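The values are calculated or read from the model by the stated rules, or taken from the named source; none is laboratory data. Just so it is clear, the model here is predicted, and its values are computed rather than measured. Here the Cβ positions follow ideal geometry from the backbone for every residue, glycine too, while neighbour counts run over all protein chains shown.
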Amino acid sequence: MSTFHASTHLSKASWRKSRRSASNTHCVEVAVTTGAVGIRDTKDRDGGTLVFTPTQWTSFTASLKQR
């Protein structure tokens, strides 16, 4: 069994602000690597990161497009 370590996958990732974020509020950043996709609050980068596998992220974004 392998263990998933988000910090390893995202430690050197390039973060970008979401195009859907408002200019001053409700901003999120996204980092995509081959092993993980991370989401964090732009104003509180040390406050925690949501981490998805690439497969989970693809399923999540596809479900949003169907709405």
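Numerical summary
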| quantity | calculated |
| --- | --- |
| Output for the range 1-11, where each listed residue is modelled with pLDDT of 70 or more and of a type in the set (S, T, N, Q) | S11 |
| Leading residue by the ranking (modelled with the lowest pLDDT) among those in the range 12-43 that are of a type in the set (S, T, N, Q) and either surrounded by 10 or more Cβ atoms within 10 Å (Cβ to Cβ) or closer than 20 Å to Q56 by Cα (or both) | S21 |
